[in-house]
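Working notes for the structure below.
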Amino acid sequence: MTPWIDLRSDTVTKPTPEMRRAMAEAEVGDDVYGEDPTVNRLEQRAAEIFEREAALFVPSGSMGNLISIRIHCDHGSEVICESRGHIFNFEMASMSAIAGCLPRPVATDDGVLTWKHIEPAIRPKIYYRAQTGLISLENTHNIAGGRVLPTEVQDQICDRAHERAIPVHLDGARIFNAALALGQSVAAITRKVDSIMFCLSKGLGAPVGSMVVGSRDFIAKARVYRKMFGGGMRQVGVLAAAGLVALEKHPPLLRRDHQKAQRLAEALREIPGVRIAHQVETNILVFDVSGTGLAAPELSARLKERGVLANAVDPNTMRMVTHYDVSEEDIERALRVLHEVVPTARGVAAR
Ligand code: TLP
């Protein structure tokens, strides 16, 4: 049978032969004792690339965000985030269940939080009101369609927040996609935030792992919370080795993923009843299919019958994510399948 064309997420990427070789050959040690040379190298390289003092290898992006929230906030604090943000919708309410915080979600039209959105959500400094403990940004913004936060918007948020002694965390799961779209380095686009989480296991292709990046003091605390949350790992150099290949070699490869997303967008826009509400800047497309006469879960099921995987975000909305395990030919095949299954696409030429 023809292999699946998997557009559900860039998390589905499988390790490349080079990663597998690096994993097999990795030097390892007990990382809880700080003795895994490959993990230590990965942490040092991440810190260098982000021009920060230190970094920590964590099992998942969700754990990296949770650790950061726990460090920045006292129990009972509020965390301002965008209402479609990952920390609010997809992290099992961990900021409340474990870090003792209350999310204060703020809605935007396009996923781009600005200081104008944030300022009214900040709690006044009165002892009988819960206090704002953190502002958490997401770049790129996943469910807003891989939207990129302009650096000047993010820098302004940081400057204003710091004047009020509020720290800023960045969920930069796909920060390398943002850097590519902006034509700037990851260090330049993150220089004002207090902590960064980024993922090795999304478009960069590593099988497992994310990094928390920040000051030496912040990362020392992060190491404590990683252990407390059950994330202390032992001979984990076998995973860090793949992470190093991802970090050193894969950022330039994201360009192709962005091009494939552009091609998908161009063809989807020609299908009557499909509406992509956002600019396609990176590797994620989120689009409304209500005008096609098909509910998104139904479309997802019909695509699956023909070998194309894509998830419904809600009853009207689909998400497709490009990555290195879908080729340009796969994108064309997925488009032909879309033309077969979407009633309003019949008669529109699939090029
Ligand atoms: N996102 C996953 C799903 O959880 C939705 C995906 O398929 O896109 N921040 C952002 C912005 C993310 O998109 C994700 C994963 C995470 C954090 C969490 O990373 P993991 O899955 O490693 O915990």
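Annotations
- Criterion violated by Ala181 - all others in (1) on the phi < 0 side of the Ramachandran plot; (2) not in a helix (DSSP H, G or I) satisfied: (2)
- Residue satisfying all of: in the range 160-197; within 11 Å of the ligand (Cβ to nearest atom) and free of Cβ contacts under 8 Å to residues at least 60 places away in the same chain; surrounded by the most Cβ atoms within 10 Å (Cβ to Cβ) among these: Gly172
- Residue in the range 144-160 that is closer than 26 Å to Lys202 by Cα, touching a Cys at 6+ places or on another chain (Cβ under 9 Å) and assigned to a helix (DSSP H, G or I) present: no
- Looking at Asp325, Asp314, just one residue is under 28 Å from Lys249 (Cα atoms) and within 16 Å of the ligand (Cβ to nearest atom), and that residue is Asp325.
- Residue selected from the range 206-251 under the condition among the aromatic types (Phe, Trp, Tyr) and assigned to a helix (DSSP H, G or I), by the criterion farthest from Leu180 (Cα to Cα): Tyr225
- Number of positions in the range 328-351 that are in a loop (DSSP other than H, G, I, E, B) and either in contact with a strand residue (DSSP E or B) (Cβ under 9 Å, 6 or more places away or on another chain) or free of Cβ contacts under 8 Å to residues at least 24 places away in the same chain (or both): 3
- Hits in the range 41-53 - residues which are in contact with a Gly (Cβ under 7 Å, 6 or more places away or on another chain) and within 16 Å of Ala220 (Cβ to Cβ): Arg52
- Residues being assigned to a loop (DSSP other than H, G, I, E, B) and either within 11 Å of the ligand (Cβ to nearest atom) or loosely packed, with under 15 Cβ neighbours inside 10 Å (or both) - total across the range 129-139: 3
- The listed residues are Arg306, Arg346, Arg319, and the only one of them that is basic (Lys, Arg) and within 16 Å of the ligand (Cβ to nearest atom) turns out to be Arg319.
- Residue in the range 140-147 that is touching a helix residue (DSSP H, G or I) at 6+ places or on another chain (Cβ under 6 Å) and open to solvent by less than 20 Å² (accessible area, probe 1.4 Å) present: yes
- Only one of the listed residues (Gly100, Gly64) is among the small types (Gly, Ala, Ser), crowded, with 18+ Cβ neighbours inside 10 Å and in the same structural domain as Ile157 (by TED's automatic domain parsing). That residue is Gly64.
The values are calculated or read from the model by the stated rules, or taken from the named source; none is laboratory data. This is a predicted model, so every value here is computed, not measured. Virtual Cβ from ideal backbone geometry, glycine too; neighbours counted across all protein chains shown. With ligands, DNA and RNA removed, areas are computed over all heavy atoms of the protein, side chains included. Shrake-Rupley method; radii C 1.70, N 1.55, O 1.52, S 1.80 Å.
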